[in-house]
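Since the structure comes first, as structure tokens, the remarks are kept for the end.
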Amino acid sequence: MKTFKLTLAAAATVLAGPALADTWDMPMAYSGSNFHSVTGAEFAQCVTTGTGGEIEIVTHPGGSLFAGADIKRAVQTGQVPIGERLLSGHQNENALFGVDSIPFLVSSFEEHDVLWEIAEPYITDLLAEQNLVLLYSVPWPPQGLYFNQEVNSVADMEGIRFRSYSNATNRLAELTGMLPVTIEAAEISQAFATGVASSMVSSGATGYDRRVWESLSHFYEVDAWLPRNYVFVNADVWSDTSEANQAVIRACAGMAEYAGSWRAREYTGFTLAGLAAGGMTVQRAGDQLVADLQEIGATMTEEWLADAGEDGQAIVDAYRAAMAAQQ
Ligand code: PCA
């Protein structure tokens, strides 16, 4: 009996000892060299170090574990505890997810920050309803237009095959008379090389990462919008995480958001220069093209407001009021 008691005591000590390392696989859609993926890898390292190895986050960039379109579902259903995804990739579920893709509402990082501060609580709530906890999010640089020819007006875009990544990009293609085809960033080099598409709206960063100068000739800076990526965790996994480890993860997330947002800014000029060095013509869109796009942007804004209901209107009104107050 005595031996039995001792054995029990020993077992209890083992159970109460240091928690076993928990590995969190983290799928990410963009290539390992992309600044979002670099930021995610640093976040993972920060959590692993900060939790003393109790939680080890392992990133899987480039869509290698789950393709971009499947990452949110994989986290929601607990196939993986954590992931990163393009927020506007969910605009088909709820228009609010496309709050960062309203054409020409914001056209700089500074304006985007004002919009995001207003919109973030709405997105946090929306994700919470879907069993997800928002940890951090980082913007992409401003979106411009890529072509394999000179384009001076929307009329010049007629019939071009256009790579889209969200509802908003799809709609832009429709309204400009182009033919949209949805393709993940990880697949675009091949899509352009084989002529599946010959145009897209995206940042200099993605064009640079995917070496699109090998297939395309022109990048027009139009600063249409700045979409965001976000990192999120399954809410059940989160509530099973100790308070101390939650605090570490929140702190690492705060640093990642800060560092990633600065990287996005620095990457903007660097990647546009890289596209030019690759042989592309990189320039601001001409007056006619800008005027045509503004008109399409106005239509898309009206459509978004109709879809996004009261919350969407409240966000846009609050943003416009905040900008007016800065004047
Ligand atoms: N790159 C991502 C989304 C926005 C961006 O700049 C992409 O093209 O898929």
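The values are calculated or read from the model by the stated rules, or taken from the named source; none is laboratory data. Keep in mind it's a predicted model, so treat the numbers as computed, not measured. Please note: Cβ atoms are built from the backbone with ideal geometry, for glycine as well, and neighbour counts cover all protein chains shown. Heads up: the accessible areas ignore ligands, DNA and RNA and are worked out on the full protein's heavy atoms, side chains in. Shrake-Rupley method; radii C 1.70, N 1.55, O 1.52, S 1.80 Å.
A straight chain from ALA291 to ASP113 at 0.36 nm per residue would run longer than the Cα-Cα distance by 61.6 nm. Between the C-alpha center of region 208-243 and that of region 87-157 there is a gap of 10 Å. Against the chain, whose longest principal axis is taken from its Cα atoms, helix 35-50 shows a tilt of about 10°. For GLU56, the amide hydrogen comes within under 5 Å of the amide hydrogens of ASP22, THR23, TRP24, counting only partners 5 or more places away or on other chains and with H modelled in the peptide plane. Each Cα pair under 8 Å and six or more residues apart adds its separation to the average, and for region 124-233 the resulting relative contact order is 45 percent. Per-residue extension of 0.36 nm, minus the Cα-Cα distance of ALA67 and TYR258, leaves a gain of 66.2 nm for this segment. Sparse packing (at most 15 other Cβ atoms within 10 Å of the Cβ) combined with a DSSP loop state is found for the following GluC sites (Glu not before Pro) in region 134-202: GLU150, GLU158. Nearest 10 degrees, 0 to 90: what angle lies between the long axis of helix 287-326 and the longest principal axis of the chain (Cα atoms)? Here the helix axis deviates by roughly 40 degrees.
Please compute the per residue accessible area over the chain with all protein chains in place, 1.4 Å probe, rounded to a whole number of Å².
Values: 14430 Å² over 327 residues.
So the chain comes to 44 Å² accessible per residue, rounded to a whole number.
Modelled spin labels at ASN131 and GLU303, positioned 7 Å past Cα toward Cβ, are 3.2 nm from each other. Taking other residues whose beta carbon is less than 11 angstrom from the beta carbon of VAL133, and scoring Lys, Arg as +1 and Asp, Glu as -1, yields 0. Listed peptides 136-146, 159-169 appear in the order 136-146, 159-169 once ranked by packing, highest mean of other Cβ atoms within 10 Å at the front. Between GLN246 and GLN190, residue separation times 0.36 nm minus the direct Cα-Cα distance comes to 16.1 nm. The order of CYS252, CYS46 by accessible area, most exposed first and with a 1.4 Å probe, is CYS46, CYS252. Of the DSSP beta bridges with both residues in the chain, give the percent that are antiparallel, rounding to the nearest 5. Around 55 percent of the beta bridges assigned by DSSP in the chain are antiparallel ones.
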